[in-house]
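Undergrad: First the structure, then my questions, so here it is.
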Amino acid sequence: MTLLDAPAATGTGQAAPLAPAARLLPALAAVYRAQLARAKVSRIPLLFVATFQSIGILVMMRGVVDPGDNPSAHAVVAGSAVLVVAFVALNLLAQYFGRLRHTGGLDHYATLPVPPASVVLGTAAAYASFTVPGVFVTAAAGSWMFDLPMGRLWILLAVVPLAGAALAGLGAALGLLAPRQELATLAGQLGMSAALLLGVLPASRLPVPVQWLRDLLPSTYGVDAFALTFAPHPDWARVLLDLGVCGAVGLASLTLATWAYRRAAR
């Protein structure tokens with residue numbers, strides 16, 4: 001028997017026990033900090049692209065939708081702001097987990113004594129929180145272009161984490177379940193396109209079957225909640241209901257992503 005074959009031993013000659021697995025919250029915080037540090041280095045140009053893209057859509061829609069206090073202007077500004085979250089949390093996260101799965105990167109996480117949920121939740125939280133500056137910049141620019149009040153942009157502090165959780169969970173699940181890396185990238189792009197078409201365009205101008213599809217997209221509830229706050233007297237009960245639905249869908253999508261991570265890691 002060689003030294004490599006011999007079991008680890010304590011002073012009494014017995015095999016040493018393995019270190020206990022990390023608890024969920026400390027492991028989640030560690031993954032979150034690591035992913036956020038990585039995002040600061042490699043994702044800033046992409047955040048600029050996402051913000052520039054959303055502001056470009058606002059400029060384009062300015063020539064189609066009348067400014068002022070009307071539901072169409074509310075929907076365009078709210079949808080463009082949440083689109084920044086969709087670009088980063090859904091599109092990029094689908095590509096990230098798809099690349100991890102198909103290049104063997106998941107093997108690194110599988111060797112760490114951390115719960116699978118902490119990897120998914122920590123990564124999703126980092127990608128979602130990374131979008132906050134771009135969302136506020138887009139919302140402020142859209143409010144200025146469409147002559148809307150800026151006094152209730154604070155609602156984005158609730159919209160971003162809830163919509164971000166829903167979209168990040170969906171993006172992670174798409175990346176982990178896709179049989180090929182290219183399909184994960186395609187799924188992320190299609191998801192972002194759906195968020196663009198169904199979130200930015202006013203729901204009242206869409207055909208009824210397309211409105212049904214819109215109801216299936218988790219980010220639209222965050223869009224609707226934000227859009228309602230532009231009214232002079234918002235229906236806060238409706239805002240809370242939309243945020244609650246967005247949070248419930250986010251919990252379901254993150255649970256699906258955690259299951260997909262366990263499946264892919266095995």
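Undergrad: What Rg and what Dmax come out for the range 69-157 when only alpha-carbon atoms are used, in angstroms?
TA: Rg and Dmax of the range 69-157, Cα atoms, are 17.4, 55 Å.
Undergrad: For ALA248, what charge total do you get from the other residues with a beta carbon under 14 Å from its beta carbon, if Lys and Arg give +1 and Asp and Glu give -1?
TA: Summing Lys/Arg as +1 and Asp/Glu as -1 gives -2.
Undergrad: Have a look at the range 172-233 and give its Rg and Dmax from the Cα atoms, expressed in angstrom.
TA: 14.3, 49
Undergrad: Let me ask you something else. Could you state the principal axis extents of the C-alpha atoms in the chain, from the largest down, to the nearest angstrom?
TA: Result for the chain: principal-axis Cα extents of 80, 34, 33 Å.
Undergrad: What ranking, highest mean first, results for peptides 96-106, 132-142 when packing means the other Cβ atoms within 10 Å averaged over each residue? Each step should come with its number before you reach the end.
TA: Details: 96-106: 18.8, 132-142: 21.1.
Averaged packing, sorted descending, gives the order 132-142, 96-106.
Undergrad: Figure the gain on full extension for ALA30 and ARG205 (residue separation times 0.36 nm, minus the Cα-Cα span) and round it to one decimal in nm.
TA: Computed gain between ALA30 and ARG205 is 58.5 nm.
Undergrad: A further question on this structure: With a ≥ b ≥ c the root eigenvalues of the C-alpha gyration tensor of the range 201-266, is it rounded (a/c under 1.5), prolate (a/b larger than b/c) or oblate?
TA: Numbers: a/c = 3.92, a/b = 1.79, b/c = 2.19.
Oblate.
Undergrad: Let me have the relative contact order for the chain, percent, based on Cα pairs under 8 Å that are six or more residues apart. Before the final figure, lay out each step's value.
TA: Numbers: 424 pairs, mean separation 71.6, N = 266.
About 27 percent, as a whole number.
Undergrad: On to the next question. By average Cβ neighbour count within 10 Å, what is the ranking of 52-58, 80-86, 160-166, 237-243 from highest down?
TA: 80-86, 160-166, 52-58, 237-243
None of the figures in this text is laboratory data; all of them are computed from the coordinates on show. Since this is a predicted model, take the numbers as computed values, not measurements. Using ideal geometry, Cβ is built from the backbone for each residue, glycine included, and neighbour counts are taken over all protein chains shown.
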